[in-house]
Structures are given as C-alpha cells and as structure tokens.
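Asker: Please see the structure below; I have some questions.
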Number of protein chains: 2
Amino acid sequence: MESAIPTQLRCPRTRPARASEDYVPPYPAFVARIKDSATQVAMAYFGVQYRAPGGKQAALDCIATWKTLLGGSDAPGHQDLAHYVDDAGFDNLLLIAYWDDVTAYRRWDARPDTSAWWNHPDRLKGDIGCYREVLSPRLANFETLISTPDSRHGVALVAEKVSEPIQEHGYWGGMRDRLPSSQTDALRAEGKLSLDAKPAPGARVRVAPHENLTLIRSGQDWTQTQGNERDIYLGEVEPVLREGMGFLNANGPSIGCYVNRYMRHVDDKLQPTELSFGMSYWRSLEQLERWAESHPTHVAIFGGFMSMVQKMNFDLKLRLYHEVTVAKTDEQFFEYLNCHPATGLLRGA
Amino acid sequence: MESAIPTQLRCPRTRPARASEDYVPPYPAFVARIKDSATQVAMAYFGVQYRAPGGKQAALDCIATWKTLLGGSDAPGHQDLAHYVDDAGFDNLLLIAYWDDVTAYRRWDARPDTSAWWNHPDRLKGDIGCYREVLSPRLANFETLISTPDSRHGVALVAEKVSEPIQEHGYWGGMRDRLPSSQTDALRAEGKLSLDAKPAPGARVRVAPHENLTLIRSGQDWTQTQGNERDIYLGEVEPVLREGMGFLNANGPSIGCYVNRYMRHVDDKLQPTELSFGMSYWRSLEQLERWAESHPTHVAIFGGFMSMVQKMNFDLKLRLYHEVTVAKTDEQFFEYLNCHPATGLLRGA
C-alpha cells in the first residue's frame with residue numbers, strides 16, 4: 001500500500017489528512033501515475049451543441065474536423081467522444097482530449113490550423129455552437145481514483161502507470177486527502193466567474209475563471225458486467241444515478257454546482273457504448289464534498305453502489321473511476337462561440 | 001448560528017475543522033449546553049444481567065435498590081432505564097444516570113450506602129451479574145447533537161440549556177469538529193484495555209482503560225410520530241437500524257467496536273416505551289467514523305433516515321439525538337461483578 005500522493009509531491013502537512021497514518025482501507029483502489037517528467041497535464045473538453053435534425057450533420061462535420069486537428073504533431077494521448085442533451089434541449093457532443101504534458105498541448109493549441117479554426121468568423125454563425133473548456137492542472141492540483149488497475153479511463157489513459165493499492169480512499173475526505181495541494185492548502189474558492197461579452201447566438205464569450213474552481217469527472221464502465229450484476233446496475237443503480245444527475249442539472253447552482261453533464265460515450269456513428277460519466281463544475285471542492293456526503297440524491301447513489309457491492313460479494317465486473325481537479329486561475333480556459341446563454345460555465349457566471 | 005464548541009473552550013485550531021468557516025448546514029441541529037460552572041460531567045451505566053425467568057426478580061430488586069441509592073444526597077439529574085438481550089442470551093437492564101458535575105457524582109459514589117453495596121461480597125454470587133461503566137468527561141471531551149430543541153435525551157437532560165442552531169453538522173466529520181478537544185488533538189487511541197482478574201462468574205474484574213476510548217449513544221424517540229411517518233420509521237428505517245446494530249454485535253471487534261448494545265427504554269414494569277438507542281464502545285473515534293461513513297450497514301441506516309426525511313418533506317416528528325465521548329484514561333471506570341466473560345468491555349480486553 002502506498003500514498004495516493006506521488007513521492008515527489010509529498011511534504012509536511014500543515015493541514016492533517018482526515019485519515020490517520022495507520023488507517024487501512026476496507027478494499028483496494030488505485031490511482032493513475034503521470035510520468036515524473038511532466039509537471040502539468042491538459043484536459044480539453046471540446047463541445048459542439050446543435051438541435052437535431054437540422055444541426056446534426058454540421059455537428060458531425062465539426063467533430064470530424066476536430067479529429068483531424070487532434071492528429072498530427074503534439075496530438076493528445078487519448079480522446080473520448082460523448083453525448084448528452086442539455087437542459088435547453090440541445091444535443092451536445094464532446095470530444096475530450098488528454099495530454100500528459102501541458103507543453104505539448106500548448107504547442108498543439110498554437111498550431112496554425114488549430115488556431116485558425118477556433119478564430120474563424122464562421123464559428124459565430126450557423127446551426128451549431130462550439131465551446132472549449134480546458135483545464136491544465138499541475139500534478140499537485142488533481143487526483144484520480146480507479147476501482148481496479150484495468151479500470152483506466154480519462155486522464156488515467158495518458159498516465160505512465162497505475163499505482164499500487166493506495167491508502168487514501170474508503171472514507172469521506174479521501175478525495176481531498178489524495179490531492180497533493182491539500183497538504184498545505186484549504187483549497188477555498190476565491191473570486192467569481194465573469195464574462196467578457198454577453199452570451200448570445202453569434203457571440204464569442206470567454207469566462208474569466210476564479211481560484212480553485214473544481215471539476216469532477218466520475219464514470220462507470222459496464223461492458224464486462226453480466227447476469228445478476230448487470231441487472232442490478234442497469235435496473236437499480238443506474239436509475240438512481242440518473243436521478244441524482246438530474247437533480248444537479250435542475251438545482252446545482254443552489255449548492256455550488258455550476259453545471260452538470262451526465263454523458264454517454266458514443267462511437268463514430270453516435271451509437272451509445274456501455275460507458276458513461278458525470279462531469280460537473282463546482283465553485284469549490286468543499287461544495288462538491290458537501291453534496292457527495294450529505295445530499296439525499298448522492299447518498300442514494302452511494303448507497304446503491306454499496307448495496308450492489310454487497311450483493312455481488314465485493315466481486316464486481318463494473319469498473320469505476322473518477323478524476324478531480326481543483327484548478328488555479330492560470331490552469332483554466334473557457335470559451336463559448338455561438339452558444340446559447342445557459343451553456344456550460346456561462347450559466348455559472 | 002453558533003459553534004457547537006462552547007465559547008470558553010474555543011482556541012486557535014492546530015487541526016483545521018473539516019468544514020470551512022463559511023459553511024452553512026442544510027438544516028438546523030442543536031447541542032446541549034452544560035452549565036459554565038461545571039468542568040466535567042458524569043455518565044454512569046449501571047447494568048444488571050440475568051437469565052429470565054430465574055434471575056428476573058433478583059434483577060428487578062437490584063434496579064429498585066439502585067433507584068433508592070440514586071436518591072438522597074448528590075443524586076443524578078437524570079436517569080433512564082433500558083433493556084436489551086446480549087449475544088450470550090442474557091437479559092440486561094441498564095440504569096443510566098447523568099450528573100452535570102463530576103464532583104457531585106464523586107460524593108455520591110463515596111457515600112457509605114453506595115460504596116457498601118458495590119463492595120458487598122454478595123455481589124459476587126447469585127443469579128445476577130452487575131456492572132458499572134462510568135465516563136466522566138471534561139467538557140472538552142464530549143459532544144452532543146439533537147435534532148430539535150425539544151429532543152433532549154441523555155446528557156442533554158442535565159444541560160442548562162439548548163444551543164442556537166449550530167454550524168458543525170450535516171457533513172461527515174461534524175462529530176469530530178464538534179468535539180472541543182479536536183481543535184488541537186488527533187484523538188488517537190493509545191494503549192490497550194487490560195483486566196485485573198480473569199472474567200468468570202464469581203469474579204470482580206476491573207478493566208484498565210486506554211487513552212481516547214470512544215463511547216457513542218445514539219437514540220431515537222418516535223413517541224410523537226403518526227401515520228405515514230410512523231409507518232416509514234417502524235417499517236423501513238428501524239429494521240435497517242436493527243440490522244446494522246446486529247452487524248456491530250456480531251462483527252464489531254474486527255472494526256474497532258468493543259461492544260454494541262441496541263437498547264429499548266422500559267418503564268418500571270419493564271414495558272417497552274417508544275424510545276430506543278444504540279450505545280457502543282470503540283477503540284477510537286476514527287474507527288467509529290470509518291464505520292459510520294463507509295460501512296454498508298451504516299450507509300444503509302443513514303440512507304434510510306435521509307430517505308425518510310425526504311419523504312416527510314423535512315418535517316419530522318421523529319426525534320433524534322446522540323452523544324459522543326472520547327475519554328482520557330482518568331475519565332473511565334469499568335467494573336464487572338459476577339458477569340459472564342463477554343460482558344461489555346470484558347470482551348474488548
């Protein structure tokens with residue numbers, strides 16, 4: 001067993017961990033280990049919104065263009081394509097790209113073809129809106145958790161390797177304890193989101209970030225499940241998860257959640273696969289903690305998973321993972337082009 | 001809103017609270033305020049064990065004697081009588097007495113009649129076994145939580161008053177944050193329980209305590225519930241609570257729980273009333289926290305209560321309370337007379 005915090009980032013704690021040094025978790029879990037030479041990764045959410053059927057082809061063309069752009073020099077180490085319908089009734093496709101080193105991302109982003117596409121005036125008209133939400137956290141400012149070593153998704157897929165079983169999980173507060181920055185920092189939100197233009201169709205709007213904005217991506221992979229486990233997941237667990245995601249959509253702002261997307265991975269033909277995740281932006285890690293720990297909707301989700309674990313005698317084929325970033329302002333970039341005013345972080349500002 | 005920690009016990013934290021200073025709980029809760037002039041209270045659990053029907057009359061006589069002893073000078077401010085059947089199949093009656101000032105308890109305990117009864121050789125023979133478990137925490141070393149100002153039970157009934165709504169609740173870690181001692185102390189368990197004699201019928205055994213042994217008493221009062229709320233409590237919540245209590249009885253030692261008693265308040269004729277509580281001794285506060293936060297049995301209990309709160313639209317007639325003591329060795333006294341070897345803390349040693 002080892003600490004979730006990479007060796008080179010451990011330091012004397014001025015803020016004690018919630019679990020004591022001799023704590024032993026009740027079951028194993030693992031984290032992704034990014035290569036030592038990287039100091040900062042990049043997680044880019046490229047979104048296109050449209051109303052089907054009119055905008056669908058344009059959205060597909062947009063995704064195809066992005067895939068081309070994401071090839072070539074300084075390409076990301078991993079990409080996912082996922083879909084959801086937002087509260088305004090728009091379909092959204094997100095192409096999510098991970099770089100294990102922000103310097104490669106920056107070179108990619110500065111490539112003439114990338115830059116030209118995002119800055120082209122055509123982006124501000126037509127049947128689709130586009131957006132990019134890019135977090136580039138230093139290694140101290142994000143953490144991962146994966147249920148089994150083969151459960152790599154998201155940023156874990158650009159990690160060099162998976163850890164040994166780690167200590168800081170299986171209790172409330174583990175998320176914070178796994179964050180290297182939490183050793184010395186309360187990670188309080190400071191400042192407010194603000195916009196540089198009025199959000200409307202035809203507008204290009206950047207969202208100025210605030211300190212310690214928090215992003216969680218939390219996913220499930222049921223491709224390997226069978227029989228009873230599959231029935232329990234699809235029949236009992238997933239409906240409760242969906243309900244909790246719906247609560248965050250409808251009521252998130254009142255508890256510090258700017259936006260929540262319950263997304264399904266899709267293939268190139270937009271056919272759903274057996275992978276899903278929720279991603280949500282929060283004003284602060286603490287507000288995410290409070291929802292997770294005490295809100296009936298998440299207690300129900302957690303209870304459902306725990307009940308499933310018991311019924312399956314701790315032998316699950318369901319794979320679970322999450323990644324949480326608490327981002328400094330210089331690690332955030334949000335831009336919305338020709339999007340409706342409730343898109344993503346526009347709603348939070 | 002105010003802090004759960006009494007004004008005179010607040011100090012600069014060397015160990016940060018789990019919730020930040022601007023945290024606002026999602027619903028109100030309250031704590032008991034002991035009178036300022038007291039520095040230490042006393043909570044005495046006087047137990048008699050017997051096998052019905054043979055020992056029942058002797059046990060009732062014992063309770064009657066204790067009630068007489070608990071009258072007169074330096075009487076406790078409150079007493080409860082409660083019953084449960086232990087894992088060895090013995091009935092146990094506990095008369096639980098609270099003093100708001102340990103000096104009064106000490107004078108009472110030193111009274112010739114009290115002292116003579118507990119030290120009489122007859123206590124080591126006959127059909128009953130007797131025990132006393134006395135915690136006398138300084139005000140810094142225990143905390144309370146009550147769901148409504150009229151929900152006073154246990155130590156809250158000897159408190160001078162009830163607080164305003166307090167800040168430190170509604171999240172995991174609130175229990176620790178409410179303990180004044182947690183401001184500067186990790187409250188780790190140190191040492192081991194040990195016995196001064198072999199536990200057996202006919203023996204008088206004292207249990208030498210260890211630092212930071214933890215006692216929780218957590219209760220529910222459904223006397224005021226009606227209709228749907230009553231049906232939900234008795235039909236859905238209580239069975240899950242009972243199952244969780246059963247788990248602790250059967251498996252507690254593997255997770256740091258020395259003993260658990262799921263008790264029902266009874267009247268003088270041993271008829272059950274609509275009040276119950278669980279009381280359990282733990283090796284450490286942390287182990288209690290871990291069970292509460294992550295064990296499926298307690299997650300189910302918590303989920304059941306939360307679901308009930310939602311169904312009743314946050315308007316409950318069910319009353320809830322708890323009290324938690326993390327005791328220094330000089331605040332603990334445990335003695336077992338003519339008891340079976342798995343009684344109370346004898347099992348933990």
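Asker: Relative contact order for the range A:22-109 using alpha-carbon pairs under 8 Å, separation at least 6, rounded to a whole percent?
Answerer: Here the relative contact order equals 39 percent.
Asker: While we're here: How far is it, in nm, from the label point at B:SER20 to the one at A:ALA88 when both lie 7 Å from their Cα along the line to the Cβ?
Answerer: Result for the modelled spin labels: 2.9 nm.
Asker: Report the relative contact order of chain A, percent, no decimals, based on alpha-carbon pairs under 8 angstrom and at least 6 residues apart.
Answerer: RCO, chain A: 26 percent.
Asker: Still on this structure, please answer the following. Straight-line reach from B:LYS198: which lysines have a Cα under 25 Å away, not including same-chain ones fewer than 8 places off?
Answerer: Within the straight-line cut-off, B:LYS198 pairs with B:LYS125, B:LYS328.
Asker: Further question: Output needed: percent of Cα pairs per 10 Å distance bin for the range A:187-313, bins running from 0 to the one holding the longest distance.
Answerer: All Cα pairs, binned at 10 Å, distribute as 11, 34, 31, 18, 5, 0 percent.
Asker: Right, another one. For the range A:42-136, with all protein chains present and a 1.4 Å probe, just round the carbon and sulfur fraction of the accessible area to a whole percent.
Answerer: 53 percent
Asker: Give the share of C-alpha pairs in each 10 angstrom bin for the range A:195-243, from 0 to the last occupied bin, in whole percents, shortest bins first.
Answerer: Histogramming the range A:195-243 at 10 Å steps yields 18, 26, 17, 22, 16, 1 percent.
Asker: Also, I was wondering about something else. For a test of the definition: using alpha carbon positions, the gyration tensor, and the 1.5 limit on a/c, classify the range B:241-309 as rounded, prolate or oblate.
Answerer: oblate
Asker: Can I ask one more? What is the local net charge at A:SER294, summed over the other residues whose Cβ is closer than 14 Å to its Cβ (Lys, Arg +1; Asp, Glu -1)?
Answerer: Cβ neighbours under 14 Å give a net charge of -4.
Asker: GNM on chain B, C-alpha springs below 10 Å: top fluctuator among B:SER276, B:SER115, B:SER136?
Answerer: B:SER115
Asker: Using the Karplus equation 6.51 cos²θ - 1.76 cosθ + 1.60 (θ = phi - 60°), what ³J(HN,Hα) coupling, rounded to whole Hz, does each residue of the range A:235-252 give in order, writing x for Gly and Pro?
Answerer: Here the 3J(HN,Hα) series is x, 10, 7, 4, x, 5, 4, 4, 5, x, 5, x, 4, 5, 4, 7, 10, x Hz.
Asker: What is the sum of charges around B:GLY227, taking Lys and Arg as +1, Asp and Glu as -1, for the other residues whose C-beta is under 13 Å from the C-beta of B:GLY227?
Answerer: Around B:GLY227, the charge tally is 0.
Asker: Now a separate question. Give me the lysines in straight-line cross-link reach of B:LYS67: C-alpha distance below 20 Å, same-chain residues under 8 apart excluded.
Answerer: Here the lysines satisfying the reach criterion relative to B:LYS67 are B:LYS56, B:LYS269.
Asker: Express in Å², to the nearest 10, the accessible area of A:ARG152 obtained by rolling a 1.4 Å probe over the protein heavy atoms while all chains stay in place.
Answerer: Counting only protein heavy atoms, the figure is 70 Å².
Asker: Among A:ALA97, B:HIS340, A:THR297, pick out the residue whose Cα is farthest towards the positive end of the charge dipole of the protein assembly as shown, where Lys and Arg carry +1 and Asp and Glu carry -1 on C-beta, about the Cα centre.
Answerer: Towards the positive end, the residue furthest out is A:ALA97.
Asker: Distances longer than 19 Å among the Cα atoms of the range B:91-186: what percent of all pairs is that?
Answerer: Of all Cα-Cα pairs in the range B:91-186, 59 percent lie more than 19 Å apart.
Asker: Charges at C-beta only: +1 for Lys and Arg, -1 for Asp and Glu. How large is the resulting dipole of the protein assembly as shown about its Cα centre, in Debye rounded to 20?
Answerer: 440 debye
Asker: P(r) tail for the protein assembly as shown, what percent of Cα pairs lie past 40 Å?
Answerer: 39 percent
Asker: Tell me, what HN-Hα J-couplings in whole Hz come from the Karplus equation 6.51 cos²θ - 1.76 cosθ + 1.60 at θ = phi - 60° for each residue of the range A:213-225, using x for Gly and Pro?
Answerer: Result, ordered by residue: 4, 10, 10, 10, 10, 9, x, 9, 10, 9, 4, 8, 6 Hz.
Asker: Follow-up question, since we're still on this one. Starting from the amide H of B:LEU213, placed 1.01 Å from N in the peptide plane, find each other amide H under 5 Å away whose residue is 5 or more places distant or on another chain.
Answerer: Placed amide hydrogens put B:ALA327 under 5 Å from B:LEU213.
Asker: Tell me the net charge near A:ALA104. Cut-off is 14 Å between Cβ atoms, A:ALA104 excluded, with +1 for each Lys or Arg and -1 for each Asp or Glu.
Answerer: Residues close to A:ALA104 contribute a combined charge of 0.
Asker: Over the residues of chain B, compute the C-alpha Rg and express it relative to 2.2 N^0.38 Å.
Answerer: After normalising by residue count via 2.2 N^0.38 Å, the value is 0.96.
Asker: For the interface of B with A, what's the total buried accessible surface in square angstrom, probe 1.4 angstrom, rounded to the nearest hundred?
Answerer: Buried area between the two chains comes out at roughly 2300 Å².
Asker: Right, another one. Just in the range A:111-157: which chymotrypsin sites (Phe, Trp or Tyr not before Pro) are loop by DSSP and have at most 15 other Cβ atoms within 10 Å?
Answerer: none
Asker: If you count only protein heavy atoms with a 1.4 Å probe, what accessible area per residue comes out for the range B:8-152, rounded to a whole Å²?
Answerer: 42 Å²
Asker: Any residues in the range B:275-317 that have 50 Å² or more less accessible area with all protein chains than in their chain alone, probe 1.4 Å, and which are they?
Answerer: Flagged in the range B:275-317: B:GLU286, B:ARG290, B:GLU293, B:SER294, B:PRO296, B:VAL299, B:MET306.
Asker: Any lysines with Cα under 19 Å of the B:LYS35 Cα? List them, leaving off those in the same chain fewer than 8 positions away.
Answerer: Output for B:LYS35: B:LYS161.
Asker: Quick one: putting +1 on the C-beta of Lys and Arg, -1 on the C-beta of Asp and Glu, what dipole do you get for chain B around its Cα centre, in Debye to the nearest 20?
Answerer: Dipole magnitude for chain B comes out near 720 debye.
Asker: In a Debye calculation with equal point scatterers on the alpha-carbon sites of the range B:42-136 and no solvent, what is log10 I(q)/I(0) at q = 0.10, 0.18 Å⁻¹?
Answerer: -0.25, -0.81
Asker: Please identify the longest segment of chain A free of exposed GluC sites (Glu not before Pro), where exposed means a DSSP state other than H, G, I, E or B and no more than 12 other Cβ atoms within 10 Å.
Answerer: Formally, the longest exposed-site-free interval is A:161-349.
Asker: Now, a different point. Hey, got the dipole for the range B:42-136? About the Cα centre, +1 on K and R Cβ, -1 on D and E Cβ, debye to the nearest 20?
Answerer: 240 debye
Asker: Related question: With a 1.4 Å probe and all protein chains kept in place, how do A:TYR171, A:TYR262 rank by accessible area, largest first?
Answerer: A:TYR262, A:TYR171
The values are calculated or read from the model by the stated rules, or taken from the named source; none is laboratory data. Source: prediction; values computed, not measured. Cβ coordinates were reconstructed from backbone atoms using ideal geometry, including for glycine residues, and neighbour counts include every protein chain displayed. Side chains included, ligands, DNA and RNA excluded: accessible areas come from the protein's heavy atoms. Shrake-Rupley method; radii C 1.70, N 1.55, O 1.52, S 1.80 Å.
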